[in-house]
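Notes to accompany the following structure.
The values are calculated or read from the model by the stated rules, or taken from the named source; none is laboratory data. Everything numeric in this text was worked out from a predicted model, so none of it was measured. Glycine also receives a Cβ, built like all others from the backbone with ideal geometry; neighbour counts cover every protein chain displayed. Accessible surface areas use protein heavy atoms only, side chains included; no ligands, DNA or RNA. Shrake-Rupley method; radii C 1.70, N 1.55, O 1.52, S 1.80 Å.
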Amino acid sequence: MSIREIPTTPFPDQKPGTAGLRKKVATVAQPHYLENFVEAVFRNVPELRGGTLVVGGDGRHHNDVAVQTIIAMAIAHGVTRIIVGRNGWLSTPAASHLVRHLDADGGFVLTASHNPAGVEGDFGIKFNIRGGGQAPQSLTDAIHRTTLSLDRYRIADLAPLDIGTTGERDVEGCRVAVIDGVSDYADLMTTLFDFDAVRDWLRSGHRMVFDAMHAITGPYARRILIEQLGAPESAVRNATPLPDFNGGHPDPNLIHAGALVDEMMGNGAPDLAAASDGDGDRNMILGPGLFLSPGDSLAMLAAHLDRLPGYRDGLRGVARSMPTSRALDVVAAERGLPCHETPTGWKYFCNLLDAGRLTLCGEESFGTSSSHVREKDGLWAALAWMNVLAVTGRSLPELARAHWAHYGRHYYQRHDYEGLPEATADRITDALRDRVASLPGCEFAGLRVTAADDFAYTDPVDGSRAEHQGLRVVFGDAARIVLRKSGTGTGDATLRLYLERYRRDVIDDAACLDAVAEIAETITGLRAESGRAQPDVVT
């Protein structure tokens with residue numbers, strides 16, 4: 001085997017977004033593109049030389065090719081131990097756990113998360129640092145700077161390895177281990193939840209269904225729900241990961257998991273339903289006749305998590321991304337828990353988790369997790385809810401109604417305007433940014449603006465600063481409007497408008513949010529400026 005240095009030229013578009021680099025498959029598959037980005041990572045993470053690297057992804061198209069490329073480049077850069085999920089498969093939370101569990105020096109996670117897959121679909125790559133968290137802004141900025149000046153990359157002249165069979169082998173002084181990517185994660189779940197209580201709940205006639213959306217969580221859900229907890233085979237649907245996710249959009253929301261939603265709104269619905277996305281980090285939770293919004297799910301878990309085995313010592317703190325419903329804040333205030341508000345992007349939770357300041361955190365984009373890993377975790381959320389239902393002996397609708405009666409309810413929607421020209425999206429956000437300073441004190445439909453700004457965040461652990469993280473208009477505790485541009489797409493721009501209204505009394509949520517939506521249009525001009533009569537997706 002020889003190590004080759006391949007001449008290359010920079011690509012100008014390799015700046016990582018909210019969670020790594022995401023591009024169309026055709027872009028990533030072009031000669032040198034993936035190699036340039038991987039080279040930039042190795043140059044900025046010198047501890048990988050002589051160290052341990054975890055590699056795996058969500059199984060989407062080009063995953064297998066990318067895994068082989070990364071292995072060959074890792075060997076060329078002196079990595080001495082590589083851990084690969086069988087078939088190149090690892091869910092995002094499982095990869096984070098492996099990095100932590102094995103004390104690895106980092107990991108490449110190949111995923112475009114909830115984005116469509118296939119030849120015409122999307123591909124993504126991100127680097128997780130030691131400890132399992134996403135690369136911080138300082139590292140991703142350094143990686144981007146390196147990509148802009150690359151003139152060569154190092155790669156081993158290596159035939160593709162068999163990654164479909166578990167086992168360990170020596171490859172030119174590097175130990176390459178292909179592992180069952182499910183077992184370590186499944187073992188971790190047994191330490192967090194009361195599996196005996198959940199088994200009893202299922203044996204007593206309760207039903208749960210989990211939709212893996214033909215993505216990576218299928219094998220994980222089958223191992224835990226069916227093999228370990230004794231649920232019937234029918235409990236896990238669309239469980240075989242496919243490189244195109246069976247042509248579906250693996251985003252667990254009211255639109256793309258519509259069949260599951262319709263079932264749960266009908267007669268004879270199961271007691272609990274959940275769905276997860278392409279790489280297993282997102283979740284949607286449903287009860288009979290009830291969609292539990294991500295913000296409510298997070299807040300309700302904060303109220304019940306200390307009843308579960310892995311959390312009986314109590315919660316050190318909680319956190320949410322800024323656009324996420326403020327329902328969590330109300331629970332935290334009553335329970336005396338520190339509550340942090342961060343920008344969108346799981347990496348902003350990681351410093352707080354590593355510093356021991358958080359136990360539970362979540363985002364409005366169907367992401368919830370705890371301190372057990374450094375990523376959001378869809379299957380963890382489903383298991384947490386199964387355990388909560390088992391130990392309380394109450395249904396999900398009963399728990400929700402009791403929660404709202406006690407804490408009040410935060411009615412909430414996210415309106416996505418997709419496929420906008422970048423110039424249009426920037427014109428809308430720039431206009432609101434120019435206006436926010438003048439909004440406090442203004443009154444709209446009986447609601448007075450108490451604060452308005454372009455959200456900025458100073459990390460309380462390392463002092464780093466993140467600016468321009470979303471425009472928000474706050475009407476005290478009563479309501480809130482947030483506008484931000486998405487950082488997870490691969491094509492044109494997506495603008496996200498978040499609407500929130502808090503009421504102590506439970507009334508029709510559409511009536512609440514219709515009024516806030518009209519105020520938002522008055523303030524932002526989003527529909528008029530975009531030429532869209534309505535959003536593309538409402539969640």
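Rounded to the nearest 10 degrees, the inclination of helix 509-524 to the longest alpha-carbon principal axis of the chain is 70 degrees.
Beta bridges per DSSP, both residues in the chain: antiparallel share near 70 percent. Only protein atoms count toward the accessible area here, which uses a 1.4 Å probe; on the stretch 70-180, the carbon and sulfur part of that area reaches 48 percent. The sum of -39500 (n - 2.57) across all DSSP H runs of n ≥ 4, divided by the residue count of the chain, sets its helix-only mean residue ellipticity at 222 nm to -9500 deg cm²/dmol. Taking the chain as the region of interest, the number of lysine pairs whose Cα atoms are within less than 20 Å, with members eight or more places apart or on different chains, is 14. Rolling a 1.4 angstrom probe over the protein heavy atoms with all chains in place gives the chain an accessible area of 36 Å² per residue. Expressed as a whole percent, the accessible surface of the stretch 235-307 that belongs to carbon and sulfur atoms is 47, based on a 1.4 Å probe. Fully extending the segment from Glu467 to Glu233, taken as 0.36 nm per residue of separation minus the present Cα-Cα distance, adds 79.5 nm.
In this structure the amide hydrogen of Gly118, modeled in the peptide plane, comes within under 5 Å of the amide hydrogens of His61, none closer than 5 places in sequence on its chain. For the stretch 441-455, the residues whose backbone nitrogen is under 20 Å from a point 7 Å from the Cα of Ala528, taken along Cα to Cβ, are 442-447, 449. Averaging the sequence gap over all C-alpha pairs within less than 8 Å and six or more residues apart, then dividing by the number of residues, gives the chain a relative contact order of 13 percent. Using C-alpha pairs under 8 Å with a sequence gap of at least 6, the mean separation divided by the residue count of the stretch 218-373 gives a relative contact order of 17 percent. Here the contact order of the stretch 321-462, divided by its residue count and restricted to Cα pairs under 8 Å and six or more residues apart, works out to 21 percent.
Using a simple spin-label model with pseudo-atoms 7 Å out from Cα toward Cβ, Glu47 and Thr392 lie 4.0 nm apart.
Taking a ≥ b ≥ c as the square roots of the eigenvalues of the alpha carbon gyration tensor, the stretch 80-171 is rounded, as a/c is under 1.5. Taking a Cβ cut-off of under 10 Å around Met284, the surrounding Lys, Arg, Asp and Glu residues balance to a net charge of -2, with basic ones at +1 and acidic ones at -1. At a 1.4 Å probe, what is the % contribution of carbon and sulfur to the accessible area of the stretch 380-437? Carbon-and-sulfur percentage of accessible area, whole number: 48.
Sequentially through the stretch 242-252, phi angles give Karplus couplings (6.51, -1.76, 1.60; θ = phi - 60°) of 10, x, 10, 6, 6, x, x, 9, x, 10, x Hz, Gly and Pro residues having no value and appearing as x. Residue separation of Asp426 and Thr240 scaled by 0.36 nm, minus their Cα-Cα distance, works out to 62.9 nm of gained length. For the stretch 132-169 versus the stretch 210-287, the spacing of their alpha-carbon centroids is 31 Å. The stretch between Asp141 and Ala451 holds 108.5 nm of extra length on full extension. This uses 0.36 nm per residue minus the Cα-Cα distance.
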